[in-house]
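K.L.:
A single structure is presented below for examination.
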Amino acid sequence: MTVRSTDHGPKPEADLDALTDIAASEWPMDAWYAAAYDTEVGRQLAPFKVAGLPVVLYRTLAGVPVALADACWHRLVPLSMGKLCGDDVECGYHGIRYDTEGGCTFMPAQKTINPSAGVQSYPTVERHRFVWVWPGNPSKADPDLIPDIHWNDDPEWAADGKVIEVDAGYQLILDNLMDLTHEEFIHTSSIGNDALSNAEFDTVHDKETRQVTVTRWMRDIEPPPLWKNLLKVKYPEYDGRVDRWQIIRYQAPATICIDVGVAIAGTGAPEGDRSQGVNGYVLNTMCPTGPKTARYLWAIARNFAIDRQRVTNELREGVSKVFFEDETMLNAQQQAIDTNPGYDFYNLNIDAGGMWVRRMIKEMLAAESDLPPASSQEAGRE
Amino acid sequence: MTVRSTDHGPKPEADLDALTDIAASEWPMDAWYAAAYDTEVGRQLAPFKVAGLPVVLYRTLAGVPVALADACWHRLVPLSMGKLCGDDVECGYHGIRYDTEGGCTFMPAQKTINPSAGVQSYPTVERHRFVWVWPGNPSKADPDLIPDIHWNDDPEWAADGKVIEVDAGYQLILDNLMDLTHEEFIHTSSIGNDALSNAEFDTVHDKETRQVTVTRWMRDIEPPPLWKNLLKVKYPEYDGRVDRWQIIRYQAPATICIDVGVAIAGTGAPEGDRSQGVNGYVLNTMCPTGPKTARYLWAIARNFAIDRQRVTNELREGVSKVFFEDETMLNAQQQAIDTNPGYDFYNLNIDAGGMWVRRMIKEMLAAESDLPPASSQEAGRE
Amino acid sequence: MTVRSTDHGPKPEADLDALTDIAASEWPMDAWYAAAYDTEVGRQLAPFKVAGLPVVLYRTLAGVPVALADACWHRLVPLSMGKLCGDDVECGYHGIRYDTEGGCTFMPAQKTINPSAGVQSYPTVERHRFVWVWPGNPSKADPDLIPDIHWNDDPEWAADGKVIEVDAGYQLILDNLMDLTHEEFIHTSSIGNDALSNAEFDTVHDKETRQVTVTRWMRDIEPPPLWKNLLKVKYPEYDGRVDRWQIIRYQAPATICIDVGVAIAGTGAPEGDRSQGVNGYVLNTMCPTGPKTARYLWAIARNFAIDRQRVTNELREGVSKVFFEDETMLNAQQQAIDTNPGYDFYNLNIDAGGMWVRRMIKEMLAAESDLPPASSQEAGRE
């Protein structure tokens, strides 16, 4: 069921119940999180945090990614300080070994292996350039639940991105992305101008698919610098006004794909004909690493001039600069929240999308606590 | 009513009630604190802390200093990360604007402004080279209560100074200044010698004006190096003994002006004729920035050779070196107090002045808690 | 009474009661701890921590080491920031002085000295190149209780070592040394090989002397690189197999001397004839500086080629590299324990020695809490 907000903002009563959770730092455990870019995982033991849990990632000899709890069963030393022996992990301290399922395969100076010895292994899937890990109940780890970010390795698109280690809770990053009005104030030299806060926007949510979409069309506007340049890649001669769109699509708990672009003004883009425009996707997914930190994986994809590496590089570096401006602000916001515990937050119309995101997360959390034993702690090895 | 201590030290019962508050880190809110030097406040948004509160300081186009709470009403981001738009402040994240009274004048993407939206503004006065801020009940912010440090911009005096960010509570700095016996032990190479701990001193307090004065005369002594040099500025030929004075005047809660000088021995300085001497004022005022940190603004003023910039510079740098020795000790003292919670402190005769200072502060704190709503939190915008 | 474990490991029930104390960070107060190497203590005031207490160490004019609490009675400033006046310590802030017993000998600006004024002094003995301090009840400070590490200054041995400031509790370092199986996994390039985890070992404990001994003989093995080189110092021609020994001797609470060596295989070393071998002692003693930190003093002694300084240097640097590998692991283990409070630890056969060590410490702690007032706090100056 899809519900469209006609008032461009949350209702007063909704407002009230969201007041206190601005700094909410919880996350669902029964979810896929992108722990790392594919290139970050290889034939070495690399430490990551997924949903707050220390995890060691590596690939088997056959190239399949494996995720184990990054703490030896015996003395808690991080397994990532050890080494790979074939497909097994050997602890660097006392040499205890574990297979890809986390089962113990060797103990030093003794022949009998305690049958209960082992570490948690986590379901892992490599898809669309990311390594996704499921920290919760393994029996629910359905790969079909992995968010769709196919633009990241679709042959009709060119994509590249980076990772940001943010010193702010993942929900603050989601807030940031669900309202792009801030581009006008933070990103004035690249993608922001006053068309943003003047344009109306539309917020739609769907409780079943746990999606929220915020759509904003800015018609017949002067393009901001970044988009002016990108349109020139396709239309070197054109120097006029554009129709610009931002369609922000959230998939709970932590993925946001933003369909962005500009087309020559009046050529029908708002009605569906984007043929005289340039289109990009900003792909964003957050891995909560702690209550006040997150690993933010992003990429920028485009469907024009896809074989020009220089455009790929310039676009990646341009977005990287923009996101650095956000990162600075997010870190400052987290610090301010920490030093003002219990502050009553106020919401503006622009916060409508972000508030629906928080409701989706709340519902996932509620669903987890209702169910019988389903947390990662309880869903361990038998 | 002025009370003179004849015993040169606190009474035993007074001793007892002060034992546990050596590390006291409270401060009155209804008071003027020097947040910054005048030159630190201009047409940029500068973050400070006043009485523990984050405050953004700037000047209007007309040059008047303004102090607002440094946290946006909407999402708590520091306003000092934003920018000035005329006399208004624009938040750097979502563009919300506030006027010099803290009232909201703009919200993005909406025409109606929530009438309750705004941030706290603090009464501010620029006087004697400092920008004074009143963090408490605005209705009590009488400029006549600003401590007199007129030597800092009096045409008959030459003055200059610096700011020290001390990692110690402001009361520890007050302790340090109220007993200058320590000069003998910390500052042996400049202003300390054994005349200090041998000389008697006199402690006077006045509960109505909340002042404490400690007077010490050292008659017919060999001058310490710094004073020897200063006397030579006025009397290049003189190389003999001096009468030296230190008159420490505390004004609650956090200002201490020290009348210091030497005169040619036996020329009547103790009786009031300082004509054959050189006189300086060490001006000190503390702004508590947190329970264990303080912003310490100081200046050294003199009434001789006032047009010689070189003397000004040498004196400022000389005092700066001396204060660095104190800073090191104060930081170590704060750390030692933190690692020994509940330590029972013992007082010596030399602590008489410092203990009266603590009583004055205690009385101000008691007066605040007796009154109806007067704290900065409660005395906000209507 | 000496008890020999025949099962090469703790009994199941013993296993259980040790599960939760892996991170135990308590230490006995009635014990000698090596605070510093002899060369670290001289005619300057040097700050150390002994059994978690701040202590200032110095030598009298006659060269005798003195240990006083490193906090002035008056305002808690560290005495180590002051200076020596003959054999007395003068506080750097207000000039209060203390003698070698901690008694106050001078107060500024007053003639009467408060008779109760003073700081704690700690029994101190210089022996075998270390300065030993007794933080607990002074009346029990019997120098005969100092652990025997005579190899460190015995004329028939050449010894040298270093100090490591470890970011891990002292018990984790004891664990590390009581099981040398880990050499195979951490120290593969120097002293570890698979002979270690294959060899049987023998654990003996004595409750009266509070000693634990773990003995491991590896017969007719290929020597690891370090030992191969050392044997060549004595037998340049020999390139064959060896009998290797590791006899780990723990003396509660925090000293471990390890008798190590190799002899030409089959020449009778296991039976007592070490004449055709090379022998070393790894001397280790830990001073707990806090619940999660320790000062680790070590030396390596040998009884061959004792006049060759180059061998001394190479051996010291070789061991230093090996211990750095341990330090990295220990710091990581302490962090992992901190982030996993309440983790149930599991023990392997190799943990037998370490578990007896913990029992000895537990017994010392129990003995202290049973007795009437004996803690360092209560056993102060009268």
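K.L.:
Give the residue list of GluC sites (Glu not before Pro) in segment B:162-266 that are DSSP loop and have at most 16 other beta-carbon atoms within 10 angstrom.
P.N.:
Details: sites: B:Glu165, B:Glu183, B:Glu184, B:Glu200, B:Glu208, B:Glu237; in loops: B:Glu200, B:Glu208, B:Glu237.
Qualifying residues, ordered by number: B:Glu200, B:Glu208, B:Glu237.
K.L.:
Now for a different question. Taking segment C:148-370, how much of its Cα-Cα pair set, in percent, is spaced more than 25 angstrom apart?
P.N.:
Details: 9856 of 24753 pairs.
Looking at segment C:148-370, the distances longer than 25 Å represent 40 percent of pairs.
K.L.:
Would you work out the charge dipole size for the protein assembly as shown about its Cα centre, treating the Cβ of every Lys and Arg as +1 and the Cβ of every Asp and Glu as -1, and quote it to the nearest 20 debye? Show your work: numbers first, answer last.
P.N.:
On the way: 105 positive and 168 negative charges, 389 e Å.
For this selection, approximately 1860 debye.
K.L.:
Now for a different question. Quick one: 3J(HN,Hα) in Hz for segment C:140-150, Karplus 6.51/-1.76/1.60 with θ = phi - 60°, rounded, Gly and Pro as x.
P.N.:
Per residue, the Karplus-derived 3J(HN,Hα) values read 9, 7, 7, x, 5, 7, 5, x, 7, 10, 4 Hz.
K.L.:
In chain C, if the dipole is taken from +1 on Lys/Arg beta carbons and -1 on Asp/Glu beta carbons about the Cα centre, which of C:Leu53, C:Gln246, C:Gly290 is farthest to the positive end?
P.N.:
Sorting the options by dipole projection puts first C:Leu53.
K.L.:
Taking the Cα centre of segment A:143-370 as origin, sum charge times position over the Cβ atoms of Lys and Arg (+1) and Asp and Glu (-1), and report the length of that vector in debye to the nearest 20. Don't jump to the answer; show the numbers that get you there.
P.N.:
Numbers: 22 positive and 37 negative charges, 70 e Å.
For this selection, approximately 340 debye.
K.L.:
Once every Cα of segment A:59-102 carries one equal point scatterer and solvent is ignored, give the base-10 log of I(q)/I(0) from the Debye formula at q = 0.24, 0.25, 0.31, 0.33 Å⁻¹, two decimals.
P.N.:
-0.76, -0.82, -1.19, -1.31
K.L.:
Average partner chain C-beta neighbours within 10 Å, per residue of B:98-111?
P.N.:
Values: counts 0, 0, 0, 0, 0, 0, 0, 0, 1, 4, 12, 15, 6, 1.
So the per-residue partner count for this stretch is 3.
K.L.:
Right, something else. Please compute, for peptide B:67-80, the average count of beta-carbon atoms on other protein chains lying within 10 Å of each residue's beta-carbon. Write out the running numbers ahead of the final one.
P.N.:
On the way: counts 0, 0, 0, 1, 6, 3, 3, 7, 15, 13, 7, 5, 0, 1.
The shielding value for this peptide is 4.
K.L.:
Moving on to the next point. Going by alpha carbons, how many degrees (0 to 90, nearest 10) lie between the helix axis of B:225-234 and the longest principal axis of chain B?
P.N.:
Once rounded, the angle reads 90 degrees.
K.L.:
Also, I was wondering about something else. Which of the peptides A:214-223, A:263-272 is most tightly packed, and how do the rest follow, judged by the mean count of other Cβ atoms within 10 Å per residue?
P.N.:
The most tightly packed comes first, giving A:214-223, A:263-272.
K.L.:
How large is the Kirkwood hydrodynamic radius of segment B:144-233, counting all unique pairs of alpha carbons, in Å? Show your work: numbers first, answer last.
P.N.:
Numbers: mean 1/r = 0.0625 Å⁻¹.
With all distinct Cα pairs of segment B:144-233 included, I get 16.0 Å.
K.L.:
Let's test this: bin the Cα-Cα distances of segment A:33-135 at 10 Å from zero up to the farthest pair and state each bin's percent.
P.N.:
Using 10 Å bins, I get a P(r) of 17, 52, 26, 5, 0 for segment A:33-135.
K.L.:
Where the only charges are on Cβ atoms (+1 Lys, Arg; -1 Asp, Glu), what is the dipole of chain C about its Cα centre, to the nearest 20 debye?
P.N.:
1080 debye
K.L.:
Pairs of lysine in chain C with Cα under 30 Å and at least 8 positions apart or on different chains: total?
P.N.:
Going through chain C pair by pair, I get 29.
K.L.:
At q = 0.15 Å⁻¹, what log₁₀ I(q)/I(0) does a Debye calculation on the Cα points of chain B give, no solvent, two decimals?
P.N.:
With no solvent term, the Cα-only Debye profile gives -1.34.
K.L.:
Evaluate segment B:296-346: find the radius of gyration of its Cα atoms, find its Kirkwood radius, and give the ratio Rg to Rh. The partial results should precede the final answer.
P.N.:
Working: Rg = 17.0 Å, Rh = 13.6 Å.
Using only Cα positions, Rg/Rh for segment B:296-346 is 1.25.
K.L.:
Relative to the longest principal Cα axis of chain A, at what angle does helix A:352-370 sit, 0 to 90 degrees, rounded to 10?
P.N.:
Once rounded, the angle reads 20 degrees.
K.L.:
Right, another one. Could you check which residue among B:Cys85, B:Cys287, B:Cys72 shows the biggest mean-square fluctuation in a GNM of chain B with a 10 Å Cα cutoff?
P.N.:
B:Cys85
K.L.:
What translational diffusion coefficient, in µm²/s and rounded to a whole number, does the Stokes-Einstein relation yield for the protein assembly as shown at 25 °C and a viscosity of 0.890 mPa s, taking the hydrodynamic radius as the Kirkwood radius over Cα pairs?
P.N.:
Here the translational diffusion coefficient equals 69 µm²/s.
K.L.:
For C:Asp338 and C:Arg219 in one chain, what is 0.36 nm times their gap in residues minus the Cα-Cα distance, to one decimal in nm? Walk me through the intermediate numbers first.
P.N.:
Details: separation 119, 0.36 × 119 = 42.84 nm, distance 4.02 nm.
In short, 38.8 nm is gained.
K.L.:
Note the angle between two axes, namely the Cα long axis of helix B:309-339 and the longest principal axis of the Cα atoms of chain B, as a number of degrees from 0 to 90, rounded to the nearest 10.
P.N.:
For helix B:309-339, the angle is close to 80 degrees.
K.L.:
Quick check on chain C: of the DSSP beta bridges with both residues there, what percent are antiparallel, nearest 5%? Please report the intermediate quantities before stating the final value.
P.N.:
Values: 85 of 85 bridges.
Just about 100 percent of them are antiparallel.
Bear in mind these aren't lab numbers, they're just calculated from the coordinates by the rules spelled out. Quick caveat, the model's predicted, so the values are computed rather than measured. Because the Cβ atoms are built from the backbone with ideal geometry, glycine has one as well, and the counts that use them run over all protein chains shown.
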